[in-house]
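Below is one structure; the comments refer to it alone.
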Amino acid sequence: MCGIFGFILKSELSQKNIESGIQAINKLSHRGPDNIGHWYSKKDGIFLGHTRLSVLDTTNSSNQPFRRDNSVLVYNGEIYNFLSIKKMLKPTVPPFFTSGDTEVLSALITKHNVRAMDFIDGMFSFAFYKDNSLILAVDHFGEKPLYYGWSRGVFLFGSELKALRAYKGFNNIIDRGVLSLYMQYMYIPNPYSIFKDVYKLEPGCILQIDKDGLAHPPSSVPFS
């Protein structure tokens, strides 16, 4: 089990934004005791963080955020068929330098974009960033949850709500309509969360967003 967190905004990152992102990803340290890492681009206004539980490739080469081909990936889960995907990709992509599934997933998304999901057998949630575009996705059964939402012009996402709440400026407003649903069903149905303007990405769905779309909440769509 790993943990991911990130955010993107329309302006350049400030030092306070970066410090708040680090504080948020540290809230997920229990999910990944082997490494905590982060990457950001001040110019692009994006921050990505990851806490790692090492399973397949335990070397530092597979630490995340993982960078390859001018892209950045944070990923939680396991791709069961990554070896067959790796074999399929080898003739058409730059050489692989790790033995785990993280690099394979990164190369697959780089080559096929959202169609990459057609090839994957596994449990996962991830955030993939390249060319000012951010892709979020969750496996068909939602085994690896991913929350996302908006707070004061910032688009946030993470494996747990506690990470979003740790970001300075999070609105922290309870959605009374969702609270009513909880009282009725004794659970919170997808795609809602207990917080206003924060949602849970539905199983088998993908969400793609760029900086120009931050003013208009995007809709998640099924990838198969």
Item to complete: List every residue whose amide H lies under 5 Å from the amide H of L146, counting only residues 5 or more places away in sequence or on a different chain, with H placed 1.01 Å from N in the peptide plane.
Response: L201
Worksheet item: Can you work out ³J(HN,Hα) from phi for every residue in region 122-137, in order, using Karplus 6.51 cos²θ - 1.76 cosθ + 1.60 and θ = phi - 60°, giving whole Hz and x for Gly and Pro?
Response: x, 10, 6, 9, 8, 10, 10, 10, 7, 6, 6, 10, 10, 10, 10, 8
Practice prompt. Could you give the C-alpha radius of gyration of the chain expressed as a fraction of 2.2 N^0.38 Å, taking N as the number of residues it contains?
Written response: 0.98
Response to the item:
Projected onto the charge dipole of the chain (unit charges on the beta-carbon of Lys, Arg, Asp and Glu, signs +1, +1, -1, -1), the Cα from V104, I46, I85 with the largest positive-side position is that of I46
Worksheet item: Dipole of region 1-134, Cα-centred, from +1 at each Lys and Arg C-beta and -1 at each Asp and Glu C-beta, to the nearest 20 debye?
Response: 220
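Keeping every protein chain in place, order R52, R176, R67 by accessible area at 1.4 Å, biggest value first, i.e. largest first.
R176, R67, R52
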Worksheet entry | Solvent accessible area, Å² - Y182, 1.4 Å probe, full protein context | 80
Fill in: Per-residue SASA entry for D197, accessible area with 1.4 Å probe, Å² rounded to 10
60
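How large a share of the accessible area of the chain, in percent, is made up of carbon and sulfur atoms when the probe is 1.4 Å and the other protein chains stay in place?
C and S fraction of accessible area: 50 percent.
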Discussion item. If I ignore ligands, DNA and RNA and count only protein heavy atoms, how much of E19 is accessible to a 1.4 Å probe, in Å² to the nearest 10?
Written reply: 100
Item to complete: Would you mind working out the magnitude of the charge dipole of the chain relative to its Cα centre, with +1 at each Lys and Arg C-beta and -1 at each Asp and Glu C-beta, to the nearest 20 Debye?
Response: 480
Worksheet entry | Average accessible area per residue (Å²) across the chain - probe 1.4 Å, nucleic acids and ligands excluded | 47
Worksheet item: Using θ = phi - 60° and the Karplus form 6.51 cos²θ - 1.76 cosθ + 1.60, what ³J(HN,Hα) does each residue of region 138-147 get, whole Hz, x for Gly and Pro?
Response: 9, 5, 4, 9, x, 5, 10, x, 8, 9
Worksheet, complete the sentence: Sorted by accessible surface (1.4 Å probe, heavy atoms of the protein chains only), largest first, T92, T110 come out as T92, T110
Fill in: Compactness of region 112-180 - radius of gyration and Dmax, Cα, Å
14.4, 41
Practice prompt. Collect residues whose amide H, placed 1.01 Å from N in the peptide plane, falls under 5 Å from the amide H of Y192; neighbours closer than 5 in sequence don't count.
Written response: K200
Fill in: Cross-link pairs K16/K130; K27/K111; K27/K86 - those with Cα-Cα distance over 29 Å
K27/K111; K27/K86
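The values are calculated or read from the model by the stated rules, or taken from the named source; none is laboratory data. This is a predicted model, so every value here is computed, not measured. Counting neighbours? That spans all protein chains shown, and the Cβs are built from the backbone with ideal geometry, glycine included. Accessible surface areas use protein heavy atoms only, side chains included; no ligands, DNA or RNA. Shrake-Rupley method; radii C 1.70, N 1.55, O 1.52, S 1.80 Å.
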